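These notes are about the structure you will find just below.
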Amino acid sequence: MERLIQRIKELTPTNSDEAIESIMAMVDAEEAHIPLHEYDLLNALSMEGEYLVLKLKYEDFEDELEYETLKYKISQSLSVVIAYEEDGKSFSKLEKFVNYIHKLSDSKQNSTFGIKKVDTLSEFPITILFSGILPINQLKMSVGKKIYELIHSDDTYFMPKFQEFRDQLSQEIGTPILPVFPLLDESLKETEVTLIDLFDGRLISRFQTVPEVNKDLIDIYLNKLFYIYKVLAQEKANKNS
C-alpha cells in the first residue's frame, strides 16, 4: 500500500489526505464479488497525465442520461477504474452503470471495476478514478445541424470509419486518441465545426465545407482534424523539448 500512497502524494502535493482516503477506499477487502487490487489503482495512476476522482450515488444514473457528465469524462481518460458497493439490494442499479460505462469505453482505454460486498451502502457507493487525462484528449467538438445529423445517420458506416481514423492518428502521433463525442450547436452554420480546448477554453479551430452533405464529405473533415491533431501533438513536443 505504501507505493500507492506515495504515488498519490506525488500527484497531489496539496490536499493529499483526502485523495489518499478516497482512492485507498477503492481497494477491496477480502470479501468482494469482484475485487479491485492495489496494482489496479497504481497502474492507473502511473499513466502520464492528470487524474480525477468522482463519487456518485446509484440515483445519479438518470441525471447522467440527461447531462452525460460521465460520458465526457470517460472520453478524456486513458484509464477508468470504478469501485461499486453492493448490499444485496442494489444489483440492478449497479448493472445499469456497468453496462453504460462498458458501452462508452474504448479499446484504447484501460477499463476496470470491482464490486465490494457491504451490509449498508455508504453515502456514495460508486467511486470512479479517471486517469491518463492528456490535453490532446481534452477537446470539445461542436458541429452544425447537417453534420450532426449525418454522423448519426448510419452507425454501421461511421463508427468503424471513426475508429480507423483514430487508429491511424494514434499511430502517427504516438499517443492514444480517444473518441470525441460531437455536440450539436444550432448557432453554428449547418456544416460548421468548432474545436475548443477544455483546459483553457481557447478556440483551436473553426471550419466548414460546402452546403451539400454526403458521406464522402466526412473525409474532408477527418483530413482537417488529422492535421489539427498533428499540430497539437507537435506543440506539446516543442514545449517538452
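Which condition number in (1) surrounded by 13 or more Cβ atoms within 10 Å (Cβ to Cβ); (2) within 30 Å of Glu21 (Cβ to Cβ); (3) at pLDDT below 95 is the one that Phe199 fails?
(1)
Regarding Leu121, is this residue touching a Ser or Thr at 6+ places or on another chain (Cβ under 9 Å) and either in a helix (DSSP H, G or I) or more than 20 Å from Ser79 (Cα to Cα) (or both)?
yes
Do the conditions hold for Ser107, that is, is it within 15 Å of the chain's Cα centre (by Cα) and surrounded by fewer than 18 Cβ atoms within 10 Å (Cβ to Cβ)?
Against the criterion (within 15 Å of the chain's Cα centre (by Cα) and surrounded by fewer than 18 Cβ atoms within 10 Å (Cβ to Cβ)), Ser107 qualifies.
Might you check whether a residue that is aromatic (Phe, Trp, Tyr), under 20 Å from the mean Cα position of the chain (by Cα), at pLDDT 95 or above and not in a strand (DSSP E or B) occurs anywhere in the stretch 66-74?
Scanning the stretch 66-74, I find no residue that is aromatic (Phe, Trp, Tyr), under 20 Å from the mean Cα position of the chain (by Cα), at pLDDT 95 or above and not in a strand (DSSP E or B), so the answer is no.
What are the pairs with Cβ atoms under 7 angstrom where one residue, in the stretch 1-22, is closer than 19 Å to Ser122 by Cα and the other, located anywhere, is of a type in the set (A, V, I, L, M, F, W, C)? Sequence gap at least six, or different chains.
The qualifying pairs are Ala19/Ile8; Ala19/Val53; Ile20/Ile5; Ile20/Ile8; Ser22/Val53.
For the stretch 146-154, does any single residue satisfy the condition of being over 29 Å from Leu11 (Cα atoms), surrounded by 18 or more Cβ atoms within 10 Å (Cβ to Cβ) and small (Gly, Ala, Ser)?
no
Failed condition for Phe165, given (1) over 21 Å from the mean Cα position of the chain (by Cα); (2) at pLDDT 90 or above, with all others met?
(1)
Those residues that are of a type outside the set (Val, Ile, Thr), modelled with pLDDT of 85 or more and under 19 Å from Thr175 (Cα atoms), I need them from the stretch 202-241; list them, please.
Leu222, Asn223, Lys224, Leu225, Phe226, Tyr227, Tyr229, Lys230, Leu232, Ala233, Gln234, Glu235
Being under 19 Å from the mean Cα position of the chain (by Cα) and charged (D, E, K, R), is that true of even one residue in the stretch 200-215?
So far as the stretch 200-215 goes, yes, one or more of its residues are under 19 Å from the mean Cα position of the chain (by Cα) and charged (D, E, K, R).
Need the failing condition index for Thr120 against (1) of a type in the set (S, T, N, Q); (2) under 24 Å from Leu52 (Cα atoms); (3) in the same structural domain as Asp28 (by TED's automatic domain parsing), just the number.
Only one criterion in (1) of a type in the set (S, T, N, Q); (2) under 24 Å from Leu52 (Cα atoms); (3) in the same structural domain as Asp28 (by TED's automatic domain parsing) is unmet by Thr120, namely (2).
Report the residue count in the stretch 98-116 for those that are in contact (Cβ under 8 Å) with a residue 40 or more places away in the chain and among the aromatic types (Phe, Trp, Tyr).
Adding up the residues that qualify gives 1.
Find the residue count for the stretch 27-60, including only residues that are surrounded by 16 or more Cβ atoms within 10 Å (Cβ to Cβ), in contact with a Gly (Cβ under 7 Å, 6 or more places away or on another chain) and part of a loop (DSSP other than H, G, I, E, B).
Count: 4.
The values are calculated or read from the model by the stated rules, or taken from the named source; none is laboratory data. Nothing here was measured: the structure is a model prediction, and the numbers come from that model. Please note: Cβ atoms are built from the backbone with ideal geometry, for glycine as well, and neighbour counts cover all protein chains shown.
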